[in-house]
1. Specify which of the listed residues (113, 154) is without any contact (Cβ under 8 Å) to a residue 40 or more places away in the chain, on the phi > 0 side of the Ramachandran plot and of a type outside the set (Gly, Ala, Ser).
2. Within the bounds of segment 168-180, is there any residue that is at pLDDT below 90, of a type in the set (Asp, Glu) and within 30 Å of residue 25 (Cα to Cα)?
3. Take the residues of segment 86-127 that are of a type in the set (Gly, Ala, Ser) and not in a loop (DSSP other than H, G, I, E, B): which is farthest from the chain's Cα centre (by Cα)?
4. Do any residues in segment 78-103 that are within 23 Å of residue 133 (Cα to Cα) have Cβ atoms under 7 Å from those of residues that are modelled with pLDDT under 90 and surrounded by 15 or more Cβ atoms within 10 Å (Cβ to Cβ), where the two are at least six apart or on different chains, and which pairs are they?
5. Counting only residues that are hydrophobic (A, V, I, L, M, F, W, C) and under 16 Å from residue 158 (Cα atoms), which one in segment 32-78 is surrounded by the most Cβ atoms within 10 Å (Cβ to Cβ)?
6. Please state which of the following conditions residue 172 fails to meet, knowing it meets all the rest: (1) in contact with a helix residue (DSSP H, G or I) (Cβ under 9 Å, 6 or more places away or on another chain); (2) among the β-branched types (Val, Ile, Thr); (3) surrounded by fewer than 15 Cβ atoms within 10 Å (Cβ to Cβ).
7. Identify, from the list 206, 192, 115, the residue that is closer than 30 Å to residue 67 by Cβ and not polar (S, T, N, Q).
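The values are calculated or read from the model by the stated rules, or taken from the named source; none is laboratory data. Quick caveat, the model's predicted, so the values are computed rather than measured. Quick reminder, even Gly has a Cβ in these numbers, built from the backbone with ideal geometry, and neighbours come from all protein chains shown.
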Amino acid sequence: MTTTVAPEHSRTDWRELIAILLLSVTAILTAWTGFQASKWSGAMSISFSQASTNRIEAARLESTANRKLSVQVALFTQWLEAYQSGDTELTEFLQARFPEPLATVFPAWLDTRPLKDPDAPATPFDMEAYVIPESVQAGAADAKADRKFSQALRNNQRGDNYTVLTIGFACVLFFAALSERMRRRRAQWALLGIGGVGFVVLAVILMTFPKMI
């Protein structure tokens, strides 16, 4: 005497197997996307912090550059007043104490004969060679801050994308689990099919996202 398995029971076994596999894999991917969302959120915080640090450094350097410029403008103004009054001793005294970059640019400015040539730079500060290092460094720090801020925004968007995927995979888990509660076979397969299609779509999207280990 032989025992045969009913086709209906066989189909039920396949559905249960597919549901179990879908639930298992989706649970793993849900945890993975949640982990990725957390990592990108941490990277966003670090980038924002670095942007803030560079912005503060840029402000400090800019303040130093402005202070140096103010001192040098004041010294040059005193030299100019002494020159106009014919006080050679005071002009030599002031010129010997010009700080950089005014000390280097000043002789080159005099060579342009500014008092006679109308096309000559009006002051040494109009010369291309007059560059305060802190001003250049401030610009570089400010540019770096902009890059870090943009990177933080990208990391924030990536974290949000992974959060959306986490919610999507949670929906797949819901449909797969709900299919086990349905009594009608057609409803079971319909819910399982919705979960399966959602899983495939989300998995394809997940493959396109950058990963952080």
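1. Exactly one of 113, 154 is without any contact (Cβ under 8 Å) to a residue 40 or more places away in the chain, on the phi > 0 side of the Ramachandran plot and of a type outside the set (Gly, Ala, Ser), namely 113.
2. yes
3. The residue in question is 96.
4. Cβ pairs passing all conditions: none.
5. The residue in question is 40.
6. Status for residue 172: all satisfied but (3).
7. 115
Okay, residues lined up against (1) assigned to a helix (DSSP H, G or I); (2) at pLDDT below 95; (3) surrounded by fewer than 17 Cβ atoms within 10 Å (Cβ to Cβ):
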| site | (1), (2), (3) |
| --- | --- |
| 129 | no, yes, yes |
| 144 | yes, no, no |
| 147 | yes, no, yes |
| 154 | yes, no, yes |
